[in-house]
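One structure below.
The values are calculated or read from the model by the stated rules, or taken from the named source; none is laboratory data. All values reported here derive from a predicted model rather than from experimental measurement. Cβ: placed from backbone, ideal geometry, glycine included. Neighbour counts: every protein chain shown. Calculation scope for accessible area: heavy atoms of the full protein, side chains included, ligands and nucleic acids excluded. Shrake-Rupley method; radii C 1.70, N 1.55, O 1.52, S 1.80 Å.
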Amino acid sequence: MRRLVSCLAVLVLCTCVPTESGSDDRPLTIHLQTSERAFFHCGNMPQRLLLFDPLIGRGETGELEGRLAESWEASDDFLTWTVRLDPEARWHDGEPVTVRDIEFTLRLVSDPDIGYLRAESYPFETIDEHTYRIRHHPGPSRLPQNMYSAPDDWNVYYPRHLLEGVKPRDFGGTCEADFWSRPVGTGPYRWVRAEPQVVVELEANPDYHGPLPAIPRVLFRLGGNPVTELLAGNADAAVGVEPAQASRLTEDPRFRAYYSAGELAHGLIWNQRKVPAFRDRLVRRALTLAIDRAALLAILGYPTGLPLFDVVHSGRQYAAGEVPAPLPFDPAEAERLLDEAGWRDTNGDGVRERNGEAFRFTAMAHPEAEKEAVAVQAWLRAVGIRMEIQVLDYATSLARRRDGDFEAAFHFVRSSIVGRGTFDEDSSIGTSHPDVAEQLSRAWGAFDPDETDAMYRDLWPFFQRELPVTFLAPGIRTHVADVRLKGLQSPGRANPILELPRLRWEEQR
């Protein structure tokens with residue numbers, strides 16, 4: 001039987017302050033910088049996985065295991081899936097989960113007023129009350145095309161018997177349907193109450209069809225500052241904490257920080273259309289060698305020792321440590337390559353020039369990237385290159401990046417694809433490699449994860465040779481939790497939201 005991946009499943013965050021008795025049934029209070037809508041469909045956040053199950057989740061050691069699905073089997077091309085639902089799965093109101101709920105949900109979220117999936121993108125065949133067959137169509141979609149190729153696909157399912165008469169726009173567009181005043185799901189936790197913008201309370205679902213959570217009650221404090229809330233004892237954990245804030249919190253022995261790596265990476269994009277010097281691969285190599293990326297991790301407040309990279313890759317390749325090591329920090333070699341490329345400081349002003357033109361350019365950065373831009377500016381100055389920094393708001397920098405209206409850009413890039421259009425024939429930054437564009441597109445949409453990894457692996461020599469983008473650091477999210485909350489570890493099980501059903505309080509000290 002072929003196991004697959006539809007969603008990262010299991011979830012929820014936590015940490016907490018023990019009662020005097022040290023009882024393991026004490027509640028957990030979690031700080032979230034969001035509203036109660038994060039638990040709803042329109043929020044599309046991992047919090048909703050506490051209330052609603054996906055088909056498949058990850059086990060304690062990363063293995064695939066069922067949530068709503070008891071078993072699943074794929075055809076050889078990974079396009080047709082036969083799924084058997086867990087007959088013990090129940091909605092929080094006691095109604096059984098059936099194939100009708102799955103089909104209803106797929107139709108609901110394909111409605112134009114929601115547009116979560118392409119209309120009629122998944123032909124559906126009912127086999128019996130708990131078994132169905134579904135065919136996935138290759139092609140562009142707002143979501144990956146099948147469960148196995150979608151480790152970040154948080155596809156969850158909703159109760160047909162409660163939602164048949166609800167307008168799709170009210171359900172998923174505005175989240176104004178009455179259903180959201182007390183949502184009914186299938187997940188390990190169920191809704192208790194909400195005070196808008198203040199608190200959401202959940203309790204463990206005693207009838208859950210999977211392992212019961214060890215923490216019976218969770219309170220989510222909404223809004224405010226995570227540092228203030230944690231230090232004051234108003235919260236036991238926080239998700240998505242700024243690295244600098246996390247460093248401050250971990251100075252307190254009550255807290256520990258955990259890090260999860262995402263697909264977005266910090267990148268420095270060289271626009272070969274705007275700056276002729278960037279068209280020389282020796283120059284791009286020298287620029288990369290001149291940047292101390294290991295030191296940059298500390299400047300960003302990231303944990304030291306995070307694996308760095310120069311190539312595109314899948315999430316599982318990164319997690320398994322299969323991604324090849326990047327170029328080292330070697331300013332002497334950078335200077336040698338710049339000399340070889342004809343860029344030398346002939347007048348002693350500290351700036352290299354060639355044919356009378358000084359090596360100067362301007363790098364665009366959004367506010368979150370300003371700190372890393374200043375550091376890179378100093379490293380490049382040390383090898384004779386002058387980089388000016390232009391800080392723009394994120395929306396403006398994103399628009400200019402898409403239009404190629406920059407010389408160099410500090411921006412987030414996908415470590416699995418770099419950016420759509422980057423290597424197309426009409427690339428806005430002069431990196432036209434249609435064969436690479438085609439391979440990346442195929443890898444992005446492939447259904448067999450082994451095939452995906454193989455296609456990335458085939459591209460590694462190209463990225464190591466050409467260095468069209470310098471990957472500065474992996475993108476990470478930082479989470480902080482009370483040290484007595486057990487079950488978290490970096491990077492694979494760092495997010496308390498995704499791990500909550502497996503978390504537990506340490507025994508009384």
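One table, with the values for the structure above:
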quantity	calculated
Candidate aspartates and glutamates for bridging to Lys371, where Cα separation is under 16 Å - those fewer than 8 sequence places away on the same chain excluded	Glu242, Asp292, Glu388, Asp393
Area accessible to solvent at Val166, 1.4 Å probe radius, in Å²	40
Sites Glu506 and Arg465, calculated FRET efficiency, Cβ-Cβ separation with R0 35 Å, nearest 0.05	0.10
Residue-span extension gain [Leu212 to Arg193] - 0.36 nm each, minus C-alpha spacing	4.8 nm
Modelled FRET efficiency - R0 22 Å, Gln390 with Arg279, Cβ distances, 0.05 increments	0.50
Net lengthening on full extension, Glu242/His161 (0.36 nm per residue, minus Cα-Cα)	25.0 nm
Sparse-neighbour loop sites [GluC sites (Glu not before Pro); the stretch 398-453; at most 14 other C-beta within 10 Å; DSSP]	Glu425
Prolate/oblate/rounded label for the stretch 81-123 (Cα gyration tensor, a/c 1.5)	oblate
J(HN,Hα) series, the stretch 191-206, from Karplus relation 6.51 cos²θ - 1.76 cosθ + 1.60, nearest Hz, glycine and proline x	6, 10, 6, 8, 10, x, 6, 10, 7, 10, 10, 10, 10, 4, 7, x
Antiparallel %, DSSP beta bridges [both residues in the stretch 311-452], to 5	30
Heavy atoms of Phe124 accessible to a 1.4 Å probe, total area in Å² rounded to 10	40
Debye log10 I(q)/I(0) at q = 0.07, 0.09, 0.11, 0.12 Å⁻¹ for the chain, Cα point scatterers	-0.44, -0.71, -1.01, -1.16
Gyration tensor (alpha-carbon) shape descriptor, the stretch 174-314, a/c threshold 1.5	prolate
R0 of 45 Å, Cβ-Cβ distance Arg182-Arg442: FRET efficiency to nearest 0.05	0.50
Two-site label geometry, Cys42 and Asp435: point separation in nm, points 7 Å out along Cα→Cβ	4.9
The chain: angle of helix 331-340 to the longest principal axis, Cα-based, in degrees nearest 10	50
Cleavage-rule hits (GluC sites (Glu not before Pro)) in the stretch 164-210: DSSP loop, at most 11 neighbouring Cβ within 10 angstrom	Glu164
Separation in nanometres of the label points that stand 7 Å from Cα toward Cβ, at Asp424 and Asp25	5.9
Theoretical gain in end-to-end length, Ser35 to Arg316 [0.36 nm per residue, Cα-Cα removed]	98.0 nm
Global form of the stretch 330-419, assessed from the alpha-carbon gyration tensor, a/c cut-off 1.5	prolate
CD proxy at 222 nm, helix term only [per DSSP H run n ≥ 4: -39500 (n - 2.57); per residue of the chain; nearest 500]	-6500 deg cm²/dmol
Residue-level accessible surface for Ser432, protein heavy atoms, 1.4 Å, Å²	50
Rounded to 10°, Cα long-axis angle of helix 449-466 versus longest principal axis of the chain	20
Helix 394-403 vs. the chain, principal-axis angle (Cα, 0 to 90°, nearest 10)	60
